[in-house]
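Here is the structure we will look at.
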Amino acid sequence: MQRDFYKNYLEGIPLPAMLVDSRARIVAGNGLAVSLNPHADQDRPLILVFRQPSLNEAVAACLRDGKAHRAIYLHSDGPQEHRYDVNCAPVSLPAQASDRGLRLSGGGVSATGVLICFQDVTEVQQLDQMRRDFVANVSHELRTPLTAILGFVETLQGPARGDPAASDRFLSIMATEASRMNRLVGDLLSLSRVEEVSRMRPTDPVDLDQVIRSVIQNLSTMASEAGCDLVYERARSEAIVPGDADQLLQVVTNLVENAVKYGGSGTTVTVTLEDTNEGVGVRMQGYALSVSDNGPGIDNSHIARLTERFYRIDSHRSREMGGTGLGLAIVKHIVNRHRGRMQIDSILGEGSVFKVLIPDH
């Protein structure tokens, strides 16, 4: 009866929670605690259920000095490790909950116990790590061209002063590096704008066919100069979706530009648009926009990370091509905002397919 009472009490706590008695033996645990550990509601010593010294030491300290203590608990759930902040707070339990009852000054018989609550901070930790990585990456990406520009300015002011040939060469490099910084800042601003409105689904009617044809026209010269054939195959002449025209234009542009840049000379880049109900949602119709090439392909080990910010397969080549490492991250965020999905398939030596699925309502 008493165990049931405590269990019902703990169920009102929206976190994994347990009660232990003065011997650090489990009195009760709620359903969330049992999900964390199937033995969390059994009459067992805590140390045999949660075998992490920091947690057991925090409970022991709480029982010893009657003060709240905190600990970190690490829990492996499949391939991912979860991090919990654990709060251990002293409580008073009736003598029946413990074999070691203590008489308090008020006259009642009670036993000191500990209320243990687990708060999952895995996502907070991951976001904080992402923030630190992002700042470090941006600093690195800006530092490289800035160092080059400052070095050439110093050279032009010193040894190369009055040397027209050197000045022309150095100024050309400085212009390239400045353009690279400009593209990086532009992509950062674009990513920031997309994230700001990520929870607001766009509702304006947009014709994907028109968007694709506009991109094909804009990039035809670039493709020709790269020795690449650009082909558009469509199953229908109109494909209306609720969306943001500028953002969808950015999605198609980024995907086609990447295929042209990294496919290499002699590559055929094919853009297709067709009806689909694949993976967009339950009984939800939509359109599949695919950009494929028959270039060198991508090793499977890289595919899962391609949409990470600043992730590059070949950093040197990407920078030479003018890439900032943010293009596919922007694409992913825009597609998510449109409640769509992105799929990437590639085979080394055969080419790659980037498919975007967009619902039509």
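The values are calculated or read from the model by the stated rules, or taken from the named source; none is laboratory data. In this text the structure is predicted, and so the values were computed from the model without any measurement. Virtual Cβ from ideal backbone geometry, glycine too; neighbours counted across all protein chains shown. The protein model used for the area step is the full one, side chains on, heavy atoms only, and it has no ligands, DNA or RNA in it. Shrake-Rupley method; radii C 1.70, N 1.55, O 1.52, S 1.80 Å.
Which pairs do you get when a residue that is free of Cβ contacts under 8 Å to residues at least 40 places away in the same chain, found in the range 197-208, comes within reach of a residue that is aliphatic (A, V, I, L, M), reach meaning Cβ atoms under 7 angstrom, with the pair 6+ apart or on two chains?
Close Cβ pairs satisfying both conditions: Pro205/Ile240; Asp207/Ala239; Asp207/Ile240.
Name the residue that is least open to solvent (accessible area, probe 1.4 Å), counting only residues in the range 4-56 that are of a type in the set (Asp, Glu) and in contact with a Gly (Cβ under 8 Å, 6 or more places away or on another chain).
Asp21
Table: residues versus (1) surrounded by 18 or more Cβ atoms within 10 Å (Cβ to Cβ); (2) aliphatic (A, V, I, L, M); (3) at pLDDT below 90.
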| residue | (1), (2), (3) |
| --- | --- |
| Gly281 | no, no, yes |
| Arg305 | no, no, yes |
| Tyr311 | no, no, yes |
| Leu328 | yes, yes, no |
| His333 | yes, no, no |
| Gly351 | yes, no, no |
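Kindly list, by first and then second residue, each pair from a residue in the range 290-312 that is in contact (Cβ under 8 Å) with a residue 12 or more places away in the chain and under 24 Å from Leu248 (Cβ atoms) to a residue that is open to solvent by 40 Å² or more (accessible area, probe 1.4 Å) and assigned to a loop (DSSP other than H, G, I, E, B), limited to pairs with Cβ atoms under 6 Å and residues at least 6 apart or on different chains.
Tyr311/Arg305
Can you name the residue in the range 183-197 that is surrounded by 12 or more Cβ atoms within 10 Å (Cβ to Cβ) and not hydrophobic (A, V, I, L, M, F, W, C) and, of all such residues, is farthest from Ala160 (Cα to Cα)?
Our first condition is that a residue be surrounded by 12 or more Cβ atoms within 10 Å (Cβ to Cβ); within the range 183-197, this holds for 183-188, 190-191, 193-195, 197.
Subset that is not hydrophobic (A, V, I, L, M, F, W, C): 183, 186-187, 190, 193, 195.
Working: Arg183: 28, Gly186: 32, Asp187: 34, Ser190: 38, Arg193: 42, Glu195: 45 Å.
The selected residue is Glu195.
Given the conditions (1) within 21 Å of Val331 (Cβ to Cβ); (2) surrounded by 12 or more Cβ atoms within 10 Å (Cβ to Cβ), and given that Gly151 satisfies all but one, which numbered condition is not satisfied?
Condition not satisfied by Gly151: (1).
Can you tell me which residues in the range 33-52 are touching a strand residue (DSSP E or B) at 6+ places or on another chain (Cβ under 7 Å) and assigned to a helix (DSSP H, G or I)?
Ala33, Leu36, Leu46, Val49
Give the residue that is modelled with the highest pLDDT, with candidates limited to residues of the range 102-133 that are of a type outside the set (S, T, N, Q), open to solvent by 40 Å² or more (accessible area, probe 1.4 Å) and assigned to a strand (DSSP E or B).
Asp120
When you check Val59 against the structure, is it in contact with a helix residue (DSSP H, G or I) (Cβ under 8 Å, 6 or more places away or on another chain) and either surrounded by 16 or more Cβ atoms within 10 Å (Cβ to Cβ) or of a type in the set (Ser, Thr, Tyr) (or both), yes or no?
Taking the combined requirement at face value, the residue satisfies it.
Output the number of the condition that Leu306 fails; it satisfies all remaining conditions of (1) among the aliphatic types (A, V, I, L, M); (2) assigned to a loop (DSSP other than H, G, I, E, B); (3) closer than 15 Å to Val211 by Cα.
Of (1) among the aliphatic types (A, V, I, L, M); (2) assigned to a loop (DSSP other than H, G, I, E, B); (3) closer than 15 Å to Val211 by Cα, only one is false for Leu306: (3).
Can you name every residue in the range 111-158 that is small (Gly, Ala, Ser) and under 30 Å from Ala178 (Cβ atoms)? Talk me through it step by step, then tell me what you get.
Of the range 111-158, the ones small (Gly, Ala, Ser) are 111, 113, 136, 139, 148, 151, 158.
Residues satisfying the conditions are Ala136, Ser139, Ala148, Gly151, Gly158.
Looking only at residues in the range 198-234 that are polar (S, T, N, Q) and within 26 Å of Gly266 (Cβ to Cβ), which one is most open to solvent (accessible area, probe 1.4 Å)? Walk me through how you get there before you give the answer.
To start, the set of residues in the range 198-234 that are polar (S, T, N, Q) comprises 198, 203, 210, 214, 217-218, 220-221, 224.
If we keep only those that are within 26 Å of Gly266 (Cβ to Cβ) as well, we get 214, 217-218, 220-221, 224.
Working: Ser214: 44, Gln217: 138, Asn218: 103, Ser220: 55, Thr221: 86, Ser224: 86 Å².
Checked the range 198-234; the qualifying residue most open to solvent (accessible area, probe 1.4 Å) is Gln217.
Based on this model, can you work out whether Asp345 counts as modelled with pLDDT of 90 or more and not β-branched (Val, Ile, Thr)?
Judged against the criteria, Asp345 is a match.
Considering the range 71-85 alone, what residues qualify as being surrounded by 13 or more Cβ atoms within 10 Å (Cβ to Cβ) and either free of Cβ contacts under 8 Å to residues at least 12 places away in the same chain or out of contact with any Leu (no Cβ under 9 Å at 6 or more places or on another chain) (or both)?
Hit for the range 71-85 is Asp85, nothing else.
Yes or no: Cys88 surrounded by 13 or more Cβ atoms within 10 Å (Cβ to Cβ), modelled with pLDDT of 90 or more and in contact with a helix residue (DSSP H, G or I) (Cβ under 8 Å, 6 or more places away or on another chain)?
Criteria met by Cys88.
Taking into account only those residues within the range 156-172 that are open to solvent by 70 Å² or more (accessible area, probe 1.4 Å) and among the small types (Gly, Ala, Ser), which is farthest from the chain's Cα centre (by Cα)?
Gly162
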